[in-house]
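Take a look at the structure set out below.
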Amino acid sequence: MLTLQTPIESFLRVGKTTAKRLQKLGLRTAEDLLFYFPFRYEDWSKITPIGSLNYNTAATCRGRVEIIKNTRSFFRKKNITEALVSDNTGSVKVVWFNQPYLAKILKAGEEIYLSGKIELDRFGMHFTSPSYEKVQKDTTHTARIVPIYSATENLTNKQIRFLVKTAVPLADKISDWLPGEIRKDFRLAGLGQAIKQAHFPDSKTRFFEARRRLKFDELFLIQLNNLLLKNKLQKSRAPILKFAEKETKQFLETLSFKLTDGQRKAAWEIIQDIGKNQPMNRLLEGDVGSGKTIVAAIAALNTFLNGHRTVFMAPTEILAKQHYENIRKLFANSEIKVGLLTRTDRAMSNRKNGDNIKIDPKEITSAADLVIGTHALIQEKIKFNNLGLAIVDEQHRFGVNQRKNLKGRGEKYPHFLSMTATPIPRTMSLVFFGDLDLSVIRELPAGRKKIVTRFVSSENRERAYDFIRKQAESGRQVFVICPLIDPSDKLGVKSVTEEHKKLSKEIFPDLRVGILHGRMEARDKVAVMKDFSENKINILVSTSVVEVGVDIPNATIMMVEGAERFGLAQLHQFRGRVGRSVFQSYCFLFSDSENEETAKRLGVLVQCSDGFALAEKDLEFRGPGEIWGTRQSGIPDLKVAALTDYEIIKETKVAAENLIKKDPEFSAYPDLQEKLRKFTAEVHLE
């Protein structure tokens, strides 16, 4: 007898090999199958009389097998199974290739369904390799809305559908964790029924009802968790950091530039937040080059002037080192001591002359006023005294438990500021970042020139190389981005190692060509970037490790190989690595793909330089998981819902807010409590 926890290998006709293939998809039990939803559907529900079939169309028909036999192709030595199928309106020929077993499965006189494309040749109309199924009350693969699942090598959709169909009756045993009043208020289907109809819908109406319920579930859990995190932080306490207006103005007067309106507004929002005794939880987003670092520096300055420390975490050692160099220059005339702490670098600026001094890690955390480093700062459980502010670059999630690691010996949480150079679509911020307050810097600093972006065809590659050479000879520098580190015959896309070899040996043998990728030692990566920043390297061939934050003002060309393999937002990040000086900069997109959709998508980047508009387009083209090149911690996969489901997003937000007001502890909803516990553990929102 099957239960929700029955292992798939215990199912009828499932061997160990098939079970292992299913495990690659995360499918181990009957319950896993129920929650493995189709990514698309094919509607084969309309039955067309054979006499009404037209060639070059797709259709489903029902007929009787008149004859079926196997033959062998004379030229290609293929096994061919041919059949003649009839109904009272006519007959049609059916051809399958390399499936000789069909002649044993399908017998003359049996009624079958056929679903597929009808083609025409000199012998007349025929089905070519259609789906087939013997006529029965409840079909699985034909004569219905048929689910299509993501599969893996040597595993067919037919196999997955068979297994899901076997498990579907168990859907009624799944506890419906969504409170009854919410189901009633928003007219939602029951969970068991929704799961059944999501896999094998009886009609389009039932299908849409099922999908709406499952979308609601996904989005509701995210909204609920966001509100709980926000409420938890609001009950916590943080140090009150008062605005040091006089000192802040004096600091701004030492800068060689004026703040933009966006920078001023964002800085003021942050200053107001850290002046409260509730922990700030703010996301600062701004397009590449919009100047988020100076806003963070203003917050760190006010933290220091209130007698507290700031910790600034970056995602890589390269960026940590870069932030350290830039920020210590900003504070060269102040009393703030800036420390650097990574796996390979430990230093602190000497406030008297600005030089670096080597220092023990424990001393950095007790002596420096602003400590910059990687996430090792919290993973190594280093304690900070009087920590007032935590700034995290390109890491949007920072839960309550992570804050505890930064509390040190005090009882108060630090204020938290997250920064991102990837503009976030509004719907995405409503769903995934509902617990964060938002500050946005939209404009770029004055004097920035628009980056010229071009899609380069194969025949113009040599012209592009000539242009690059001229730029390098005039003293400028070049980034070359490739999707892979090593060559891959299967993918057929450019790799860093082969491109570095080609450019350094064949195309630009007289120029200095460097290489950078994620498998290099951290110390080596830092050394390469140091050489590049000092113009000891003309051309740097790299993977996407330079995507965020790398600042080389002298670089004027960004050349992206295999551009179709990156999202628009990620390509915009690459483009933002150039155009950081008075020199005109360029972004060249190379692609061997002839796909129309690829050309259309890359064309958007050529025409548009607004990162916010590009992020919205990326959401349309590729979905939330591809807005960033790498998955961000705390952003759960959406299996059914989409960020274009704006009405459901609004409904789930209202439902979550009302439920928390009514029962903050969910004491009347034990099933919801358990579901939320599992959800939080799975997506690592803490």
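The values are calculated or read from the model by the stated rules, or taken from the named source; none is laboratory data. Computed from a prediction, not measured in an experiment: that's the story for all the values here. Backbone-built Cβ (ideal geometry, glycine too); neighbour counts: all protein chains shown. The accessibility values were calculated without ligands, DNA or RNA, using every heavy atom of the protein model including side chains. Shrake-Rupley method; radii C 1.70, N 1.55, O 1.52, S 1.80 Å.
Taking a Cβ cut-off of under 14 Å around Arg461, the surrounding Lys, Arg, Asp and Glu residues balance to a net charge of -2, with basic ones at +1 and acidic ones at -1.
Local charge for Asp592 was computed over the other residues whose Cβ lies under 10 Å away, with Lys and Arg +1 and Asp and Glu -1, and equals -2.
Averaging 1/r over every pair of different alpha carbons in segment 514-580 and inverting the result gives a Kirkwood radius of 12.4 Å.
At 25 °C and a viscosity of 0.890 mPa s, what translational diffusion coefficient does Stokes-Einstein give for the chain, taking Rh as the Kirkwood radius over Cα pairs? Give it in µm²/s as a whole number.
Reported coefficient: 84 µm²/s.
Highest mean packing first, where packing is the average number of other Cβ atoms within 10 Å per residue, the peptides 109-118, 665-674 line up as 109-118, 665-674.
Taking all protein chains together and rolling a 1.4 Å probe, Ser129 ends up with roughly 60 Å² accessible.
Farthest toward the positive end of the dipole of segment 168-221, out of Ile174, Ile195, Leu221, is the Cα of Ile195, where the dipole comes from beta carbon charges about the Cα centre. Within the shell defined by Cβ-Cβ distances under 13 Å, the residues around Asp138 carry a net charge of +4, with Lys and Arg each +1 and Asp and Glu each -1.
Report in % the part of the accessible area of segment 248-333 that belongs to carbon and sulfur, leaving out ligands and nucleic acids; probe 1.4 Å. C and S fraction of accessible area: 49 percent. These residues, Leu102, Leu438, Leu2, go from largest to smallest accessible area, 1.4 Å probe, as Leu438, Leu2, Leu102.
Computed from the Kirkwood radius of its Cα pairs, the Stokes-Einstein diffusion coefficient for segment 532-617 at 10 °C and 1.306 mPa s stands at 117 µm²/s. Give me the accessible area of His126, 1.4 Å probe, in Å² rounded to the nearest 10. The value for His126 is about 20 Å².
The slack between Glu335 and Lys502, meaning 0.36 nm per residue of separation minus the straight C-alpha distance, is 55.2 nm.
Measuring with a 1.4 angstrom probe and ignoring ligands and nucleic acids, Met419 comes out at about 0 Å² accessible. Over segment 434-517, the ratio between the Cα radius of gyration and 2.2 N^0.38 Å evaluates to 1.50. Dividing the alpha-carbon radius of gyration of segment 48-175 by the rule-of-thumb value 2.2 N^0.38 Å gives 1.17.
Would you please put 639-646, 467-474, 66-73 in order of how densely packed they are, using the mean number of other Cβ atoms within 10 angstrom per residue and starting with the highest?
Result, highest mean Cβ count within 10 Å first: 639-646, 467-474, 66-73.
Could you work out [θ]222 nm for the chain from helices alone, using -39500 (n - 2.57) per DSSP H run of at least four and dividing by all its residues? Round to the nearest 500 deg cm²/dmol. -11000 deg cm²/dmol, from helical runs alone. Figure legend: label point modelled 7 angstrom from the Cα of Ala613 along Cα→Cβ; residues of segment 415-448 with amide N under 20 Å from it are 421-428, 440-448. Here segment 188-298 is treated as a sphere whose radius is the Kirkwood value from Cα pairs; by Stokes-Einstein at 10 °C and 1.306 mPa s it diffuses with a coefficient of 87 µm²/s.
Note on surface exposure: Glu564, Glu534 rank Glu534, Glu564 by accessible area, highest first, 1.4 Å probe. Average 1/r across all pairs of distinct alpha carbons in segment 2-59, invert it, and you get the Kirkwood radius: 14.4 Å. The stretch between Lys450 and Arg122, if pulled fully straight at 0.36 nm per residue, gains 112.2 nm over its current Cα-Cα span. Segment 497-572 and segment 300-337 have Cα centres separated by 27 Å.
Spacing of the modelled spin labels on Thr29 and Lys77, each 7 Å from Cα toward Cβ, amounts to 4.9 nm.
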